[in-house]
There are 4 protein chains.
Amino acid sequence: MPFARHVGVEVTDAGDGEATGHLELDDVHSSSPDRFVAHGAVPYALADTVGGAAVMSIVGRPTPTIDMRIDYLAPANGARIEAHAEVVRAGDSVAAVDVTVTDGGGEQLATARGVYKTGGGDGETAWESAERATD
Amino acid sequence: MPFARHVGVEVTDAGDGEATGHLELDDVHSSSPDRFVAHGAVPYALADTVGGAAVMSIVGRPTPTIDMRIDYLAPANGARIEAHAEVVRAGDSVAAVDVTVTDGGGEQLATARGVYKTGGGDGETAWESAERATD
Amino acid sequence: MPFARHVGVEVTDAGDGEATGHLELDDVHSSSPDRFVAHGAVPYALADTVGGAAVMSIVGRPTPTIDMRIDYLAPANGARIEAHAEVVRAGDSVAAVDVTVTDGGGEQLATARGVYKTGGGDGETAWESAERATD
Amino acid sequence: MPFARHVGVEVTDAGDGEATGHLELDDVHSSSPDRFVAHGAVPYALADTVGGAAVMSIVGRPTPTIDMRIDYLAPANGARIEAHAEVVRAGDSVAAVDVTVTDGGGEQLATARGVYKTGGGDGETAWESAERATD
């Protein structure tokens with residue numbers, strides 16, 4: 001996954017509806033030139049990637065994200081962020097996943113909840129087959 | 001729908017991926033015994049019901065809610081709330097819907113975004129067929 | 001709280017940023033006249049109320065909901081739903097709360113994440129003081 | 001903003017609670033090595049950045065993201081994505097923002113809704129002053 005590599009996301013483990021990953025924080029991840037605090041899209045990129053890996057570990061093929069909500073609980077201003085994802089429910093159409101993002105020491109930095117597509121073909125998006133846009 | 005009736009939700013129009021409804025506010029809807037301001041679950045009940053009606057108008061059968069987010073923008077403390085829902089994308093598995101809740105005069109009180117199940121059988125929930133709970 | 005009573009929500013415990021409540025399900029809560037499955041706004045009403053009670057237990061005064069997301073994991077078609085809320089972070093402006101809704105036997109039916117206002121006066125909404133609507 | 005530059009986000013306009021930006025898509029943004037479709041974190045990074053710029057245009061200082069939800073409506077597989085953000089309500093504690101992400105031709109690719117902190121000091125996060133973690 002080129003973008004995951006560009007951002008530095010590493011998925012280290014995935015299986016049975018769970019996945020784990022991390023990201024080494026660097027100046028490039030900062031939201032400010034003056035002091036280091038990771039841009040909110042950095043933990044998001046980790047959460048979305050690890051969440052997708054958790055679903056894929058059950059479904060066995062790419063599972064596009066339908067939606068994700070992330071809540072920021074503390075600044076990511078250390079050396080590393082880690083994420084653990086767990087599928088809380090998987091159906092024939094969609095799966096719901098909980099992701100927790102922590103710093104290296106276990107403090108929660110963010111939590112995310114995502115819904116991923118599990119059915120309807122090996123699509124590049126959640127909407128590929130039989131799409132009916134109404135707007 | 002017994003609960004929609006219990007709360008006072010009326011869906012007045014549904015078709016082509018859009019739906020409209022309203023609710024006459026009464027003392028029973030208040031979140032406080034001292035002054036009238038509708039409980040947050042009142043606009044939510046209207047939004048979820050009208051959103052489902054919009055999806056059902058395309059799909060033709062019950063479409064369980066997978067998730068919904070509601071943002072409260074102003075207090076619902078007038079005589080009435082109204083909602084308009086619009087399907088922004090409908091696929092073979094899920095549909096995404098935007099709902100706007102206003103007072104009688106057009107002021108936005110809340111906006112909601114929901115994802116509903118469109119595929120996988122005439123289920124009472126989003127998870128009915130081939131469900132694989134992993135926790 | 002008139003609406004909580006109208007729906008049947010009971011908050012049984014609140015303190016130290018946590019709260020617990022339940023709701024006895026009845027025909028009136030159904031989303032269908034034919035078979036019993038609770039309308040999605042029923043667990044939402046419980047989650048929002050219990051979530052608010054958890055925040056209020058820290059802040060000591062009403063804390064309007066700013067936004068809430070709910071994910072439905074299984075149908076609420078039993079005799080009772082229960083909810084437990086926990087403040088995951090409370091600041092001077094807002095607090096974030098996790099809510100889990102279960103049936104009487106501990107199965108997860110829904111999870112919710114809400115953000116509530118904690119600062120800026122004893123307001124009936126999140127937006128009361130110094131509000132600047134831009135639309 | 002180093003990370004926004006790393007991803008390629010450009011904010012071209014911000015004022016009066018609105019902001020506009022774009023991002024030229026490149027191989028580095030892909031979620032797949034085989035065919036080009038942008039990783040979900042790419043439109044998220046654009047949406048969060050442009051949403052923050054819209055709030056900052058009113059508040060005049062950094063406004064950390066409290067939470068954001070993004071819904072993916074179509075694959076970002078063209079040459080460019082664009083975003084427009086609009087503050088729908090700004091209070092003394094928080095602001096709510098709507099963001100629409102489109103391709104170069106106006107097709108909606110994603111919508112996002114975020115809540116940003118507007119009060120409580122020039123903090124690097126939403127939780128800086130008087131933070132009371134309860135877990």
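Report yes if residue B:49 is farther than 16 Å from residue C:41 by Cβ and among the β-branched types (Val, Ile, Thr), otherwise no. Against the criterion (farther than 16 Å from residue C:41 by Cβ and among the β-branched types (Val, Ile, Thr)), residue B:49 does not qualify. Do we have any residue at all in the stretch D:47-61 that's within 12 Å of chain A (Cβ to nearest Cβ), of a type outside the set (Phe, Trp, Tyr) and under 19 Å from residue D:105 (Cβ atoms)? Looking for residues that are within 12 Å of chain A (Cβ to nearest Cβ), of a type outside the set (Phe, Trp, Tyr) and under 19 Å from residue D:105 (Cβ atoms), one finds at least one in the stretch D:47-61, hence yes.
Restricting to the stretch C:92-117, give me the number of residues that are open to solvent by 10 Å² or more (accessible area, probe 1.4 Å) and among the hydroxyl-bearing types (Ser, Thr, Tyr). Result for the stretch C:92-117: 3.
Residues of the stretch C:46-63 that are surrounded by fewer than 24 Cβ atoms within 10 Å (Cβ to Cβ) and touching a helix residue (DSSP H, G or I) at 6+ places or on another chain (Cβ under 8 Å): C:62 alone.
Test residue C:71 against the criterion of being open to solvent by less than 50 Å² (accessible area, probe 1.4 Å), acidic (Asp, Glu) and either in a helix (DSSP H, G or I) or over 20 Å from residue B:53 (Cα atoms) (or both), and give yes or no. Criteria not met by residue C:71. Filtered by the rule that a residue be within 9 Å of chain A (Cβ to nearest Cβ) and out of contact with any helix residue (DSSP H, G or I) (no Cβ under 8 Å at 6 or more places or on another chain), the stretch D:33-45 gives D:35, D:37. Residue C:66 meets each of the listed conditions (1) crowded, with 24+ Cβ neighbours inside 10 Å; (2) hydrophobic (A, V, I, L, M, F, W, C); (3) more than 9 Å from every other protein chain (Cβ to nearest Cβ); (4) over 11 Å from the mean Cα position of the chain (by Cα) apart from (3).
Among the residues of the stretch D:76-91, those identified as in a loop (DSSP other than H, G, I, E, B) and surrounded by 21 or more Cβ atoms within 10 Å (Cβ to Cβ) are D:76, D:91.
The residue of the stretch A:9-19 that is farthest from residue A:108 (Cα to Cα), among those that are more than 10 Å from every other protein chain (Cβ to nearest Cβ) and open to solvent by less than 50 Å² (accessible area, probe 1.4 Å), is A:15.
Reported count of residues in the stretch B:89-108, each being among the acidic types (Asp, Glu) and within 14 Å of chain A (Cβ to nearest Cβ), is 2. Within the stretch C:10-65, how many residues turn out to be within 23 Å of residue B:32 (Cβ to Cβ), assigned to a strand (DSSP E or B) and without any contact (Cβ under 8 Å) to a residue 24 or more places away in the chain? Qualifying residue count for the region: 3.
Checked against the criterion of being under 21 Å from residue C:66 (Cβ atoms), more than 12 Å from the chain's Cα centre (by Cα) and β-branched (Val, Ile, Thr), the candidates D:59, D:28 yield just one match: D:59.
Buried (at least 20 other Cβ atoms within 10 Å of the Cβ), of a type in the set (Phe, Trp, Tyr), without any contact (Cβ under 8 Å) to a residue 60 or more places away in the chain and touching a Ser or Thr at 6+ places or on another chain (Cβ under 7 Å), is that true of residue B:3? Considered against the rule, which asks whether it is buried (at least 20 other Cβ atoms within 10 Å of the Cβ), of a type in the set (Phe, Trp, Tyr), without any contact (Cβ under 8 Å) to a residue 60 or more places away in the chain and touching a Ser or Thr at 6+ places or on another chain (Cβ under 7 Å), residue B:3 comes out as yes.
The values are calculated or read from the model by the stated rules, or taken from the named source; none is laboratory data. These numbers were taken from a predicted model, which means no experiment stands behind them. Cβ atoms come from the backbone with ideal geometry, glycine included; neighbour counts cover every protein chain shown. Ligands, DNA and RNA are stripped out before the accessible areas are found, and what is left, the full protein with its side chains, is counted by its heavy atoms. Shrake-Rupley method; radii C 1.70, N 1.55, O 1.52, S 1.80 Å.
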